[in-house]
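What follows is one structure encoded as structure tokens, with my remarks underneath.
The values are calculated or read from the model by the stated rules, or taken from the named source; none is laboratory data. The model shown is predicted, which means the values in this text are computed figures rather than measured ones. Cβ sites come from the backbone with ideal geometry, for glycine too, and all protein chains shown count toward neighbours. For accessibility, only protein heavy atoms count, side chains too; no ligands or nucleic acids. Shrake-Rupley method; radii C 1.70, N 1.55, O 1.52, S 1.80 Å.
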Amino acid sequence: MVGLVLVSHSAKIAEGLKDLTAEIAPDHKGIISAGGMEDGSIGTDAVRISEAIRQANDGDGVVVMADLGSGVMSSETAIELLEDEDIKVKLADAPIVEGTIAAAVSAMVGSDLEAVLKAAEDCRGVRKINN
């Protein structure tokens, strides 16, 4: 199953999103939160993210979901740290909450890496309110 890594500047946000996703996609066990810094402060850490990618990978690949610009940069660095390893990783350009839910459901039903990434990224243009 395609794994997911949740990158947020806040450990609480990443853990909360993991909890929410577990309620909606309970059969997906490869969701790893990589929020905050090791000491509990706000921020993102490329080494922690790369470790989370390793942990989320079961051979089908991993989609990384990030919250803000520097979280994206840390995720890109984490992926570069893994370039010598045989892990397929994609960084989603998607809203972290909606994209994570869509990606988890897609992965849970057996979609491949590209389809899981697409499910997350398809959430970019979804309006919440139509006035």
Quiz prompt | Pairs where the first residue, in region 96-121, is under 21 Å from Val72 (Cβ atoms) and the second is of a type in the set (D, E, K, R), C-beta under 6 Å, 6+ apart | solution = Ile96/Asp67; Leu113/Lys88; Leu117/Lys90; Glu121/Asp93
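Considering region 17-47 alone, what residues qualify as being of a type in the set (A, V, I, L, M, F, W, C) and over 18 Å from Leu81 (Cβ atoms)? Step through it out loud before you land on a result.
Of all residues in region 17-47, those of a type in the set (A, V, I, L, M, F, W, C) come to 17, 20, 22, 24-25, 31-32, 34, 37, 42, 46-47.
Of everything in region 17-47, those that are of a type in the set (A, V, I, L, M, F, W, C) and over 18 Å from Leu81 (Cβ atoms) turn out to be Leu17, Leu20, Ala22, Ile24, Ala25, Ile31, Ile42.
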Practice problem: Kindly list the number of the only condition in (1) open to solvent by less than 40 Å² (accessible area, probe 1.4 Å); (2) farther than 21 Å from Ile24 by Cβ; (3) outside any loop (DSSP other than H, G, I, E, B) that fails for Ala52. | Solution: (2)
Practice problem: Confirm whether Ile13 is open to solvent by 80 Å² or more (accessible area, probe 1.4 Å) and modelled with pLDDT of 95 or more. | Solution: yes
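What tally of residues in region 94-116 results from selecting those that are among the acidic types (Asp, Glu) and either assigned to a helix (DSSP H, G or I) or touching a Ser or Thr at 6+ places or on another chain (Cβ under 9 Å) (or both)?
First, the residues of region 94-116 that are among the acidic types (Asp, Glu): 98, 112, 114.
Checking the rest, the ones that are also either assigned to a helix (DSSP H, G or I) or touching a Ser or Thr at 6+ places or on another chain (Cβ under 9 Å) (or both) come to 98, 114.
Counting residues in region 94-116 that are among the acidic types (Asp, Glu) and either assigned to a helix (DSSP H, G or I) or touching a Ser or Thr at 6+ places or on another chain (Cβ under 9 Å) (or both) gives 2.
Select from region 61-84 the residues that are of a type in the set (Asp, Glu), open to solvent by 70 Å² or more (accessible area, probe 1.4 Å) and in a loop (DSSP other than H, G, I, E, B) and list them in ascending order. Walk me through it before giving the result.
Taking region 61-84 as the starting set, the residues that turn out to be of a type in the set (Asp, Glu) are 67, 76, 80, 83-84.
Within this subset, residues satisfying the condition of being open to solvent by 70 Å² or more (accessible area, probe 1.4 Å) are 76, 80, 83-84.
Glu83, Asp84, listed by residue number.
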